[in-house]
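Worksheet: the structure to be examined is printed underneath.
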Amino acid sequence: MQRPLVSILIPFKNTASYLEDCLESILKQTLTNWELLIVDDGSTDDSRIIVEKYTDKDSRIRLFNNQGKGIIEALRTAYSHAKGIFITRMDSDDIMMENKLTELQKSLQTQGTGHLAIGKVRYFSEAGIGDGYKNYEDWLNSLIAKGANFDEIYKECVIPSPCWMVYKTDFDKCGGFTPNTYPEDYDLAFRFFKYGLKCITIDEVLHLWRDYPVRTSRIDVNYAENSFLELKVNYFLELSYQKERKLIIWGAGTKGKKIAQLLIDKKVSFDWICDNPKKIGKVIYGQTLKPVNYLSSVENPQCIISVANREAQLEIKQFLKSFEMSALNDYFFFC
């Protein structure tokens, strides 16, 4: 019996060097009932010629021009043509493992609607993978191994953007690619969380994630750190903030200051603590920085933690545990 149709959405722009590897990996999928909706976002290299070669030999691949400009509009264009029961996204410079579509779809069919299927990922690069990407890979895959992706959603994007699959009905419920919010993958992850989708995690690598110097996430201003922080603050205020409780920022580094600025702009009151003796007592943005032990005098607080050091984060978790504070309700790591 033929499996239900999967719609694969791919935007591309000037990825001629990698497109053949990507498309060949899709053609090799063990699940064969798929359609590929691939959208040209204004390529000036040979990318379109390569895609046209594949559309000529396989009718499952359909090429479109972006009806707007940029990744979100390209994804929206692709999705407008989707006929599948299941929706997934792919990047034009990456590679699927041969069983990727099969495993993701099988998990969803087993669990039913209301779920989001996710597989592990592995970065690769001709120049080697730097510590930052390796750390992100390890952290993301550790969440997937535990099935605990949303537990740390305010840290970084907890859903690998090219390695998920959902029912089309659930995708529509979550707003699909309707919002014009960057970074679009992180925004979508928050909406999966907002609408209560439960993660089904597959404990094996299903996707090879390519890194190279001009990759979009490296050079596009929409993926700058400030964009991530603004997105986090916006969703925190919508989904997690409890106005009747005192809000406290922990940490007065660059990220802590940016979070403070964003909260001030939104007229959200907060107190500010840090463990740097050189900063305690100083006034920043009209706020006097208090020592960490100030927390013990606050009844039922919520904390946004902007401290990035991993060892320090473990110490902070233990400290908060002594107050019987819990993650995603009482405290939120923003980095």
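Per the conditions (1) surrounded by 13 or more Cβ atoms within 10 Å (Cβ to Cβ); (2) out of contact with any strand residue (DSSP E or B) (no Cβ under 9 Å at 6 or more places or on another chain); (3) among the small types (G, A, S), the sole criterion not satisfied by G114 is (2). Considering each of S47, S92, S43 in turn, give the residue that is within 22 Å of the chain's Cα centre (by Cα), small (G, A, S) and within 25 Å of F124 (Cβ to Cβ). The unique qualifying residue is S92.
Here F228 meets each of (1) part of a helix (DSSP H, G or I); (2) among the hydrophobic types (A, V, I, L, M, F, W, C); (3) surrounded by fewer than 16 Cβ atoms within 10 Å (Cβ to Cβ) with one exception, condition (3). When you check Q313 against the structure, is it over 27 Å from E230 (Cβ atoms) and assigned by TED's automatic domain parsing to the domain that holds D271, yes or no? Here the answer is no, as Q313 does not meet what is asked.
If the condition is being under 29 Å from the mean Cα position of the chain (by Cα), under 18 Å from M325 (Cβ atoms) and not in a strand (DSSP E or B), then the stretch 245-287 contributes R245, K246, G251, F270. No other residue among S125, S59, S80, S107 is surrounded by fewer than 15 Cβ atoms within 10 Å (Cβ to Cβ), of a type outside the set (A, V, I, L, M, F, W, C) and within 24 Å of K194 (Cα to Cα) apart from S80. The set of residues in the stretch 288-331 that are in a loop (DSSP other than H, G, I, E, B), farther than 14 Å from G251 by Cβ and under 27 Å from the mean Cα position of the chain (by Cα) comprises M325, S326, L328, N329, D330. In the stretch 243-264, the residues that are free of Cβ contacts under 8 Å to residues at least 12 places away in the same chain form Cβ pairs under 9 Å with partners that are in a loop (DSSP other than H, G, I, E, B), at six or more places apart or across chains, as follows: K243/V268; E244/N300; T254/S306.
Does the stretch 146-155 contain at least one residue that is modelled with pLDDT under 95 and aliphatic (A, V, I, L, M)? Yes. Only one of the numbered conditions (1) at pLDDT below 95; (2) surrounded by 15 or more Cβ atoms within 10 Å (Cβ to Cβ); (3) touching a helix residue (DSSP H, G or I) at 6+ places or on another chain (Cβ under 9 Å) is violated by R215, and that is (3).
When residues in the stretch 114-141 are screened for being of a type in the set (G, A, S) and under 15 Å from the mean Cα position of the chain (by Cα), 2 of them pass. Residues that are touching a Ser or Thr at 6+ places or on another chain (Cβ under 7 Å) and either part of a helix (DSSP H, G or I) or of a type in the set (A, V, I, L, M) (or both) were ranked within the stretch 19-40; the one that is surrounded by the most Cβ atoms within 10 Å (Cβ to Cβ) is V39.
The values are calculated or read from the model by the stated rules, or taken from the named source; none is laboratory data. Predicted, not measured: the structure shown is a model, and the values here were computed from it. Heads up, the Cβs are rebuilt from the backbone with ideal geometry, glycines too, and the neighbour counts pull from every protein chain shown.
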